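Heads up: the structure comes next, in structure tokens.
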Amino acid sequence: MNNTLKTALGGMCIALSTAVMLASSILPYFTYALPAMAALLVLFMSVECGWKWGLSVYFGTAVVSALVVPGKEAVGIYIALLGYYPLVKPFFDKPEKVISAILKVIFFTIVTIAAYSVMIAVFGISTELLEESERYLLPFIVVLGIVAFMLYDKALMMLEIAYYRKWQRTVRKIFRKR
């Protein structure tokens with residue numbers, strides 16, 4: 001694939017990712033699921049065009065989403081964790097399974113705490129749920145988040161395998177020079 005085609009494909013991925021992120025304003029119950037879906041296009045771009053192109057799709061989506069998406073919590077989640085995770089996931093998968101899982105949990109916990117601290121301070125994200133529950137709900141939410149993140153990690157792995165096995169040949173035929 002030449003650079004012109006990669007650039008056009010990257011632009012389409014950014015536009016589609018931003019459209020998915022915009023849906024988080026219409027469907028507020030998918031605040032976490034839609035940024036995860038938008039990150040799939042980062043994975044696609046990195047598989048087809050390389051890590052740097054995937055990173056450019058992540059940055060492009062992050063900038064455009066920050067400017068146009070009203071739901072700043074979804075944007076914050078995309079920027080802080082889910083958007084670039086498909087790019088750094090291979091580094092976490094290199095060690096043994098147990099060590100890899102521990103590193104992923106530590107990574108998720110640190111990034112999530114930092115992201116929500118920034119979102120509360122900068123965007124004024126509401127903390128009513130935590131205040132009303134007298135913080136007994138916080139450990140449950142953290143454990144639930146870790147479980148969801150590990151499921152997301154597994155889903156990324158399975159989708160990447162499925163892409164290599166089933167769809168990559170078809171996609172490459174479409175973009176092959178004639």
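A compact table of results
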quantity	calculated
Pairs, first over 11 Å from Val111 (Cβ atoms) in region 70-82, second modelled with pLDDT under 90 and not in a helix (DSSP H, G or I), C-beta under 7 Å, six or more apart	Gly71/Thr31; Glu73/Thr31; Glu73/Ile125; Ala74/Thr31
Test result for Ala80, touching a Pro at 6+ places or on another chain (Cβ under 7 Å), modelled with pLDDT under 95 and closer than 21 Å to Ala155 by Cβ	no
Options Pro70, Pro86; residue that is outside any helix (DSSP H, G or I), in contact with a Ser or Thr (Cβ under 9 Å, 6 or more places away or on another chain) and either at pLDDT 90 or above or not aromatic (Phe, Trp, Tyr) (or both)	Pro70
Residue check, Lys166 of a type outside the set (A, V, I, L, M, F, W, C) and farther than 30 Å from Tyr116 by Cα	yes
Subset tally (residues that are among the β-branched types (Val, Ile, Thr) and either on the phi > 0 side of the Ramachandran plot or surrounded by fewer than 17 Cβ atoms within 10 Å (Cβ to Cβ) (or both)) for region 16-55	2
Residue that is nearest to Phe149 (Cα to Cα) [pool: residues in region 56-83 that are buried (at least 21 other Cβ atoms within 10 Å of the Cβ) and aromatic (Phe, Trp, Tyr)]	Tyr78
Leading residue by the ranking (surrounded by the fewest Cβ atoms within 10 Å (Cβ to Cβ)) among those in region 84-94 that are out of contact with any helix residue (DSSP H, G or I) (no Cβ under 7 Å at 6 or more places or on another chain) and of a type outside the set (A, V, I, L, M, F, W, C)	Lys94
Residue count for region 56-85, restricted to those that are β-branched (Val, Ile, Thr) and within 11 Å of the chain's Cα centre (by Cα)	4
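Residue by residue, here is whether (1) modelled with pLDDT of 80 or more; (2) in contact with a strand residue (DSSP E or B) (Cβ under 7 Å, 6 or more places away or on another chain); (3) under 30 Å from Glu48 (Cα atoms); (4) part of a helix (DSSP H, G or I) holds:
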site: Val98; (1), (2), (3), (4): yes, no, yes, yes
site: Met119; (1), (2), (3), (4): no, no, no, yes
site: Ser126; (1), (2), (3), (4): no, no, no, no
site: Arg135; (1), (2), (3), (4): no, no, no, no
site: Val142; (1), (2), (3), (4): yes, no, no, yes
site: Ala148; (1), (2), (3), (4): yes, no, yes, yes
site: Leu151; (1), (2), (3), (4): yes, no, yes, yes
site: Ile161; (1), (2), (3), (4): yes, no, yes, yes
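The values are calculated or read from the model by the stated rules, or taken from the named source; none is laboratory data. Values in this document were obtained by computation on a predicted structure and should not be read as measured data. Please note: Cβ atoms are built from the backbone with ideal geometry, for glycine as well, and neighbour counts cover all protein chains shown.
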